[in-house]
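Notes for the one structure printed next.
Any read-out appearing in this document is the output of simple, stated calculations on the displayed coordinates, not a laboratory observation. Here the structure is a predicted model, which is why all the values come from computation and not from measurement. Using ideal geometry, Cβ is built from the backbone for each residue, glycine included, and neighbour counts are taken over all protein chains shown.
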Amino acid sequence: MTLAELIAQARTALGTAITTRQQEQEALVALRSDENLTEEAVAARVATRDAADAEITRRQAALDELETEQTREAELATLQARTTPAANRAPGYDQVARVGQEERTYRPDQDRRGKNFERDVAAAFFGDYEAQGRLARHMQEEHVERGDQLVRADGQQQRAAGTGAFAGLVVPQYLTDLYAPAAAARRPFADSCRPHDLPPQGMTVNISRITTATSTALQASENTAVSETNIDDTLLPISVQTNAGQQTLSRQAIERGAGVEPVVLDDLFRRYATTLDSTLLNQATNGLTNVATSVAYTDATPTVAELYPKVIEGLSGVEAALMDMATGDNIAVMHSRRWYWMQNAMASTWPMITQPGIVAQTLGANYATVYGSGVRGVLPNGTPVIVDNNVGTTLGAGTEDEIYLVDRQECHLWEDPSAPMYIRAEQPALASLGVLMVVYGYFAYTHARYAQARKIAGTGLIAPAFTGV
């Protein structure tokens with residue numbers, strides 16, 4: 001096998017390695033958009049992608065070595081053509097062939113506009129080893145004949161072309177691995193709700209609530225009637241809702257782009273999660289803000305020390321509504337700006353009653369976890385905090401947010417186990433070479449099985465000022 005054939009074989013292997021690596025990266029992006037992904041699955045996919053990277057590096061090194069060897073062979077061939085072996089004795093004058101001047105690789109008298117040179121530059125860029133060899137010989141000829149013009153000893157008039165002179169050859173690189181997804185609030189509160197599988201049929205789920213309880217009482221005297229109250233229930237109907245979004249992409253974008261389809265799909269999943277969570281918090285009539293009983297906090301100069309008793313008042317209301325049905329699994333849901341405002345307060349006092357696992361001199365604890373990772377910290381009485389930026393910040397007077405206090409076991413969310421679903425339809429937009437991508441899912445929810453939810457609302461929760469109080 002010739003050196004040229006080895007180089008062609010190495011180029012093919014490198015191209016295959018690059019294609020494999022792109023496929024591994026697209027698979028990794030698609031995996032990260034899966035709501036049920038695990039760290040082990042991501043680590044395994046990253047390892048596969050990294051192995052593909054290593055294979056590209058190995059193939060590129062092998063190709064570079066062969067191309068360097070080819071260039072050297074071309075240089076030696078040129079050198080050999082310029083030299084004549086020494087003879088033991090000089091031949092006769094008329095027995096020697098002489099050349100007055102060696103012919104240049106690119107001759108202006110034969111190619112006045114330099115088309116052959118330009119053609120070789122383009123061909124060399126695409127791997128034509130013969131064109132690379134001619135360009136190498138041309139550079140050697142230039143250094144021999146015009147070396148003093150190219151680089152002078154004093155360095156003052158050195159002529160050099162920068163990358164701007166080769167706009168078609170210095171190719172910009174796009175770091176597709178580091179694309180920046182559009183930020184989303186996602187679903188911190190929804191992930192904290194009590195999960196249920198959505199029934200496979202029907203657009204309504206119903207819950208029976210006992211609204212008239214039985215009774216007992218002390219018997220007035222022997223053989224007299226005992227207390228009797230007929231039990232009765234009221235039906236709580238809960239609508240099944242559809243959360244969906246779509247995007248139409250050109251086939252060119254999918255087939256000629258790098259990872260376009262996984263990026264778009266990932267963004268649709270982010271919007272789906274955000275809409276679901278925002279619905280649970282803010283939807284008219286049934287959203288948490290509309291079913292929660294308000295605990296007013298009105299203050300023109302609010303402080304964290306003044307807000308905290310309202311939190312305790314709200315939690316007291318949660319337990320009073322549930323009584324023996326309370327699980328004690330209470331949470332506080334608030335916007336990130338409110339959580340950081342509560343952390344900014346400085347104080348010289350601490351609660352009189354300590355709580356399990358809470359240092360008495362602190363007003364709670366920050367777990368230093370990232371947004372959307374679950375519980376962010378605890379309040380002084382040990383109540384976990386869920387930070388969710390789907391909480392409104394234009395409520396009440398226009399700049400207020402709210403703090404929700406609930407027993408999380410009474411925040412019910414029904415979802416299809418496979419939601420969200422993904423449809424990739426090519427037929428509807430076939431005539432325009434379009435591909436329709438649709439993400440959808442069904443869900444139902446309620447916070448109103450018991451009237452237990454509380455919210456702290458009022459002018460004391462205007463846009464916070466971080467003043468240390």
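Of note:
- The simple spin-label model puts a point 7 Å past each Cα toward its Cβ; for ASN36 and ALA258 those points are separated by 3.3 nm.
- Residues ARG104 and ILE56, FRET efficiency given R0 of 30 Å [Cβ-Cβ distance, rounded to 0.05]: 0.20
- Crossing angle, helix 115-125 versus the chain [Cα axis fit, 0-90 degrees, rounded to tens]: 50
- Between ALA347 and ARG251, the modelled labels are 6.6 nm apart [label points 7 Å from Cα along Cα→Cβ].
- Given charges at Cβ of Lys, Arg, Asp, Glu: the chain dipole, positive-most of ALA368, LEU79, PHE466: LEU79
- Using 0.36 nm per residue and subtracting the Cα-Cα separation, the extra length available between GLU73 and HIS196 on full extension is 37.1 nm.
- Computed packing ranks the peptides 365-374, 458-467 as 458-467, 365-374, most packed first, by mean other Cβ atoms within 10 Å.
- Nearest-0.05 FRET efficiency for ALA463 and SER294, computed from C-beta distance (R0 22 Å): 0.70
- Per-residue Cβ neighbour rank within 10 angstrom, fewest leading, PHE189, PHE117: PHE117, PHE189
- Nearest-ten-degree value, helix 39-82 long axis tilted from longest Cα axis of the chain: 10
- Highest average first, the peptides 280-288, 448-456 ordered by how many other beta carbon atoms sit within 10 Å of their residues are 448-456, 280-288.
- Inter-label distance, GLU145 to ALA183: 6.2 nm, where each label sits 7 Å from its Cα along the C-beta direction.
- The stretch 260-391: equivalent-ellipsoid semi-axes (sqrt of 5 x gyration tensor eigenvalues, Cα, Å): 29, 20, 15
- Against the chain, whose longest principal axis is taken from its Cα atoms, helix 304-322 shows a tilt of about 60°.
- Adding -39500 (n - 2.57) for every DSSP H run of four residues or longer, then dividing by how many residues the chain holds, sets the calculated 222 nm ellipticity at -12500 deg cm²/dmol.
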